[in-house]
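The values are calculated or read from the model by the stated rules, or taken from the named source; none is laboratory data. Computed from a predicted structure; not experimentally measured. Positions of Cβ are backbone-derived with ideal geometry, glycine not excepted, and every protein chain shown enters the neighbour counts. Accessible surface is based on the protein model in full, side chains and every heavy atom, while ligands, DNA and RNA are left aside. Shrake-Rupley method; radii C 1.70, N 1.55, O 1.52, S 1.80 Å.
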Amino acid sequence: MPKKTFNLKKSRILEPLILGILANILINLCFNPKHPDFIFKEFLVAIVFATIITELTRYVSNKLDKKLNWSSNFKLHLLLNFIVLSALLLLIINGIGNLYIYFSGDTFHTLDETLLINLIVLSIVLISSLIKWCFFLYNKWVLINKKLNNNLNENLKLKSLIVKSSKEIELVKGNFIIHAPVSKIRYAIIESGVINVYNTNKKLGSFNGSLTYLESQLPECDFFKLSRHLITHKEGIKKIRSSTYGKIEIELNNELIDHTIVTVSRLKAAKFRQWYSSSVIN
């Protein structure tokens, strides 16, 4: 699936150069196929006129974008764009172009030459506009696909959180196996080599597995692994204090745990702050 869009801003420089040079070459070839007269001054003049054409068409296109929604009125938008573009070309080529010829002292073109010039320039500009529209639509398509993929990822993440929040964790309590709802769990701590799981005011049981695996079964928006030995729920945190060297001291809201003050390392501090202040969906 494509991930990059075309940079249309670069075309603002390239478009008048290509239009001016290509139009001048084609016009000279049509007027004198065997011995075309390529003059540097004519190329410069053609590029100047091409710049006027492209800037005016860009201005008109931006105005049309504000008046018409391209997605709901695509055909009308494209038709109006071509009509206005054709009118501007006729005005620039035959109006401003003849004024330039008059003041520069050159000979005016015949009717056939004028029609040929109009046809060549109009054809190049219309093809150029179609190419720009293709790039524009391609960019829209890429952006929409990215947005859909982002929404899909968010939905999958939300579904995963809902599943984890509603599931039960299998614990050992004495000689019995119980299933504790995730919503009841506030702490999981390694004590004497055993992972004990606590509520706010009582021990729920022991988890038969690793702390890392238990962490993967809990919703990450609610639980955070403070150290290699302890996972806590947001509601299990009583106070947060800044410590030395960028560390954080966490006071837990449970007197059943031997160490209610836990120090979060400097490397984990930024991640902890982001987690603690985040909403359900990051």
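Counting only residues at least eight positions apart within a chain, or on another chain, the aspartates and glutamates with an alpha carbon under 20 Å from that of K34 are E42, D112, E113. At q = 0.15 Å⁻¹, work out log10 I(q)/I(0) for the stretch 198-282 with the Debye formula, treating every Cα as an identical point scatterer and leaving solvent out; two decimals please. Calculated log10 I(q)/I(0) at the listed q: -0.56.
Would you mind giving the three semi-axes, in whole Å and largest first, of the ellipsoid equivalent to the stretch 123-238 according to its Cα gyration tensor?
Each semi-axis is the square root of five times an eigenvalue, giving 52, 13, 11 Å.
Among the trypsin sites (Lys or Arg not before Pro) within the stretch 27-61, those in coil by DSSP and having at most 12 neighbouring Cβ atoms inside 10 Å are K34.
Counted by Cβ distance under 10 Å from I240, the other residues give a net charge of +2, where Lys and Arg count +1 and Asp and Glu count -1. Considering only Cα-Cα distances, which of the following residue pairs are longer than 25 Å: K147/K225; K203/K271; K234/K271; K75/K132? Too far apart for the 25 Å limit: K147/K225; K203/K271. Solvent exposure of the stretch 38-112, expressed per residue, is 67 Å² of accessible area, with all protein chains present and a 1.4 angstrom probe. Heavy-atom accessible area for I96, with the other protein chains in place and a 1.4 Å probe, reaches approximately 70 Å². Shape summary: the chain maps onto an equivalent ellipsoid whose semi-axes, from the alpha-carbon gyration tensor, are 75, 19, 15 Å in decreasing order.
Given 10 °C and 1.306 mPa s, how large is the Stokes-Einstein diffusion coefficient of the stretch 69-149 in µm²/s, with Rh as the Kirkwood radius over Cα pairs? Answer, rounded: 104 µm²/s. Against the chain, whose longest principal axis is taken from its Cα atoms, helix 111-166 shows a tilt of about 10°.
Over the chain, dividing the summed -39,500 (n - 2.57) contributions of all DSSP H runs of at least 4 residues by the number of residues returns a 222 nm mean residue ellipticity of -18500 deg cm²/dmol.
Toward the positive end of the charge dipole of the chain, with +1 on the Cβ of Lys and Arg and -1 on the Cβ of Asp and Glu, the farthest Cα among L44, C221, S242 is that of S242. Annotation note: chymotrypsin sites (Phe, Trp or Tyr not before Pro) in the stretch 80-147 located in DSSP loop regions with a Cβ neighbour count of at most 13 within 10 Å are F108.
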